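What follows is a set of notes on a single structure, which appears directly below.
The values are calculated or read from the model by the stated rules, or taken from the named source; none is laboratory data. Fair warning: this is a prediction, and the values are worked out from it, not measured in the lab. No Cβ is skipped: glycine too gets one built from the backbone with ideal geometry, and neighbour counts run over all protein chains shown. Ligands, DNA and RNA are excluded from the accessible area calculation, which covers all protein heavy atoms including side chains. Shrake-Rupley method; radii C 1.70, N 1.55, O 1.52, S 1.80 Å.
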Amino acid sequence: MSTQASASSRVYYILAVVLLAGSAAAMQVIDFQVIKKPLPLQKPLIDFDRDSLKPLVRVDANILSKDVVAELGTEEYIEWSLSDPRVKDSSKAKVSLFLTYYTNVQDQVPHVPEECYYQGGMIKTDDEAQSWTLSALPGEEIAVRRLGFARRDRPDANSLVYYTINVNGMFFADRQDARFKLKSFNETHLYYSKVEIAFQGYSKDDLEVLDERARELMDITVKELFDEHWPPRGTEIGGYEGLQKKAAERQASQS
């Protein structure tokens, strides 16, 4: 081997070592930035005030088995069956509300209905991303996903599902978008929560009415969650202590 070739080999070897070392260092930095501190709920979801959902009435509360809770990945959830007394047809008056909350988890993929319903033997028949304006969040729009499902053996046993994923106070209708937010480098604390609303046995003619009913329930639910349960906006940087410190500094500057 010539001296020139030997020198070139050494250069390539050194560059490879430097590249590997740099990649390892970069991964350590990324991992450090992604790991975030937990943001506990202000109040457990199980203490959700059912009266806040009026005029809807809670008729049942589903308690999941230990195996299902383990698969869900959190013990902070409620799954309620509600009834709307304003709807005369009792079969159409029913609506389900499913809330989940996660914190102190890293890189966990949010559970979404399109996978859960598929695993339950249903096929997707409708998929639409919507933007909703809620009175609970004036001046904002939240992203909501509307999904339709049916059974292969029973086309009449269909379901219409609406959901949104709240990550540190921002709302997403797509799991991948939520995952990008989970990895946001400028936030020190992390939580995410899913609000899911479902109707059973709907037809295409019902869509407009069900959109309005779902938006109303979403509005009521999001307001109650922000008022009593979810961490306040601003806690994603510095946590509850950071938020209190900022409030104290503002008060001091105004006095």
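Distance between the pseudo-spin-label points of residue 114 and residue 252 (7 Å out from Cα toward the beta carbon): 4.9 nm. Rounded to the nearest 0.05, what FRET efficiency is calculated for residue 183 and residue 130 with R0 set to 35 Å and r the Cβ-Cβ distance? Once rounded, the FRET efficiency stands at 0.90. Going through the cross-link list 181/204; 124/181; 92/124; 54/181; 37/245, which pairs have a Cα-Cα distance over 24 Å in this structure? Over 24 Å apart, Cα to Cα: 181/204; 124/181; 54/181. Accessible surface comparison of 229, 189, 111, probe 1.4 Å, protein chains only, largest first: the order is 111, 189, 229. Once all protein chains are placed together, residue 71 keeps about 120 Å² accessible to a 1.4 angstrom probe.
Taking every alpha-carbon pair in segment 180-219 and binning the separations at 5 Å intervals from zero gives 5, 16, 21, 12, 9, 12, 11, 8, 5, 0 percent.
In this simple spin-label approximation, residue 104 and residue 70 carry label points 7 Å from Cα along the Cα→Cβ vector, and these lie 1.9 nm apart. Kirkwood-type hydrodynamic radius, segment 145-231: 14.6 Å, calculated from all non-identical alpha-carbon pairs.
Projected label points at residue 83 and residue 54, each 7 Å from Cα along the beta carbon direction, are separated by 1.8 nanometres. Per-residue extension of 0.36 nm, minus the Cα-Cα distance of residue 240 and residue 141, leaves a gain of 33.1 nm for this segment.
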